[in-house]
Amino acid sequence: MKRALPLLLLALTACGSKGIEGVQTFKYPAGDHRSGSLIYAESPPAGGPHNASWQNCGVYDRPLYNEYVVHSLEHGAVWVTYRPDLDAAGLDTLKKLVEGRPYTLLSPYEGLDTPVAMSAWGAQLKVDSPDDARLKAFLDKYEQGATAPERGAACSGAYSGTR
């Protein structure tokens with residue numbers, strides 16, 4: 001029994017309240033609809049004021065407007081962004097990661113400071129590789145997760161334009 005206790009504590013620590021290593025969290029009020037181009041503290045944004053229309057979830061090959069995607073985040077979507085120069089193998093890895101997930105968006109993002117970033121309402125993870133195991137963990141936790149103020153609201157039937 002004495003040997004099992006340290007292993008149990010180690011397992012509980014790994015699954016504990018600290019969550020996914022490297023995730024940054026933020027607090028934003030929900031429902032702040034605005035028109036026009038907006039400035040965000042994070043790049044890509046992980047919440048805040050947004051357009052009254054949301055971005056339809058899906059895979060895009062062109063950059064998206066932050067203001068529409070942030071509304072999708074409010075609905076429980078996760079936005080997977082990547083540098084436009086990401087190689088084809090890396091992009092395929094990301095496409096497979098979001099395949100079959102109805103509350104995800106995948107798009108290139110100009111000026112990204114890491115090769116890949118995932119954003120949800122109030123949370124963001126930036127990584128150096130599309131193969132990073134934390135990406136799936138982030139999706140599992142935040143897609144339709146508890147931080148989304150309007151979890152379950154639509155992620156289709158609205159805006160589908162790109163930049």
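Taken along the Cα-to-beta-carbon direction at a fixed 7 Å, the label points for residue 156 and residue 129 span 3.5 nm.
For the chain, the fraction of C-alpha pairs farther apart than 20 angstrom is 48 percent.
Positive-end ranking of 160, 137, 51 along the dipole of the chain, with charges on Cβ about the Cα centre, is headed by 137.
Other residues within the sphere of radius under 15 Å centred on the Cβ of residue 101, judged by their own Cβ, net out at +2 (K and R +1, D and E -1). With R₀ set to 25 Å, the beta-carbon distance separating residue 37 from residue 113 gives a calculated FRET efficiency near 0.75. Mean residue ellipticity at 222 nm, helices only, the chain: -7000 deg cm²/dmol; runs of at least 4 DSSP H residues each add -39,500 (n - 2.57), and the sum is divided by the number of residues. Between residue 137 and residue 59, the modelled labels are 2.6 nm apart [label points 7 Å from Cα along Cα→Cβ]. Counting only protein heavy atoms and a probe of 1.4 Å, the accessible surface of the range 23-142 is 49% carbon and sulfur.
Largest accessible area first, the residues 126, 95 order themselves as 95, 126 under a 1.4 Å probe with ligands, DNA and RNA left out. Using the Cβ of residue 29 as centre and a radius below 14 Å, the other residues enclosed give a net charge of -1, where K and R count +1 and D and E count -1. Each Cα pair under 8 Å and six or more residues apart adds its sequence gap; the mean of these over the residue count of the range 72-158 is a relative contact order of 42 percent. Taking 20, 39 and ordering them by how much accessible surface each has at a 1.4 Å probe, largest first, produces 39, 20. Our coupling estimate for the range 124-130, obtained by passing each phi through the Karplus curve with A = 6.51, B = -1.76, C = 1.60 and θ = phi - 60°, is 8, 10, 10, 9, 8, 8, x Hz, Gly and Pro reported as x. A 1.4 Å probe, protein heavy atoms only, puts the accessible area of residue 34 near 120 Å².
The residues neighbouring residue 91, those whose beta-carbon lies less than 11 Å from its own, together hold a net charge of -1 under the Lys/Arg +1, Asp/Glu -1 convention.
The values are calculated or read from the model by the stated rules, or taken from the named source; none is laboratory data. These numbers were taken from a predicted model, which means no experiment stands behind them. Ideal geometry is used to build each Cβ from the backbone, glycine not excepted, and the neighbour counts take in all protein chains shown. Quick note on the areas: whole protein, heavy atoms, side chains included, nothing else; ligands and nucleic acids left out. Shrake-Rupley method; radii C 1.70, N 1.55, O 1.52, S 1.80 Å.
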